[in-house]
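> One structure, pasted below without further comment.
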Amino acid sequence: MWRKIVPHPELSGICYTFTPEKKTHPGECYSIRISFGNSTGNLLVEEQIKHTQIFLHTANKFHYSKEDNMPNNFKVNSLLLKPQLETVLELSKTQYTALDSPYHDQPCKNEDNYNWPECLDGLLYTDRGCQDPWNIYLNISVPYCANISKILNDYKDAYPGCYETCWDKPYMSKKSLSKIVRMDHSCAVPCSTDIYEAEILYRSRILYGLDFSFPLLFFFLGFLSLNMVRQTGHMH
């Protein structure tokens, strides 16, 4: 149910992903409680929270991005978490399907099992000749990178061997990502996407006892997956 990846060796730290064992169905309620820090290290935790990124996303379709409005992904503003109170996110999910191409020069792809983030990483991995060992796709027939120096060079800002997209992919828009071409292949945006909306409220943290600084409750219908990413250089 929990696994660890590193979406980007410079911009993110370790990403902890939670995926429920079973899928939920419309009308079913589902919730998860997590908490950050304890009362003895409150000042340190408050600083760490500022650099923690939390994503909701469709299972197995996490796309690490600094941009908003990515297909099947929703970013939670961690600055909304308040110390000594439980932050409750009441979530709803709507599936949206484009009836026409989202961009006039770039059609969308309408396949039930289409995984856009995997397609994008697959383009770069195939072009590089290896996968990041901390973010491996079993469906991509490319070995993992055994040379750490190559990985670090690939992710240098504007490194020509990666055509400037290994490092800056998290900053690219949907349209820019869909225009990446490797060996005559590209990854069109999906025609169908899950859209998440959240209402936020705060209440007493009595259910957590006295030791937790930032309790957080997700309450949702049809919840599929959750990601928490720590930014490199801020949380260890």
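The values are calculated or read from the model by the stated rules, or taken from the named source; none is laboratory data. Only a predicted model underlies this, so the values are computations on that prediction, with no experimental measurement involved. Counting neighbours? That spans all protein chains shown, and the Cβs are built from the backbone with ideal geometry, glycine included.
> Where the second residue is among the hydroxyl-bearing types (Ser, Thr, Tyr) and at pLDDT below 85 and the first is in a loop (DSSP other than H, G, I, E, B) and lies in segment 141-168, which pairs have Cβ atoms under 7 Å and are six or more apart or on separate chains?
So the pair list comes out as Cys166/Tyr155; Cys166/Tyr159; Trp167/Tyr155; Trp167/Tyr159.
> Separate question: Quick one: is Tyr155 more than 26 Å from Cys108 (Cβ to Cβ), at pLDDT 65 or above and of a type in the set (Ser, Thr, Tyr)?
Numbers: more than 26 Å from Cys108 (Cβ to Cβ): yes; at pLDDT 65 or above: yes; of a type in the set (Ser, Thr, Tyr): yes.
The answer is yes for Tyr155.
> Can you tell me how many residues in segment 125-140 are in a loop (DSSP other than H, G, I, E, B) and touching a Phe, Trp or Tyr at 6+ places or on another chain (Cβ under 8 Å)?
The total comes to 6.
> Does Leu99 satisfy being part of a helix (DSSP H, G or I), at pLDDT below 90 and surrounded by fewer than 20 Cβ atoms within 10 Å (Cβ to Cβ)?
no
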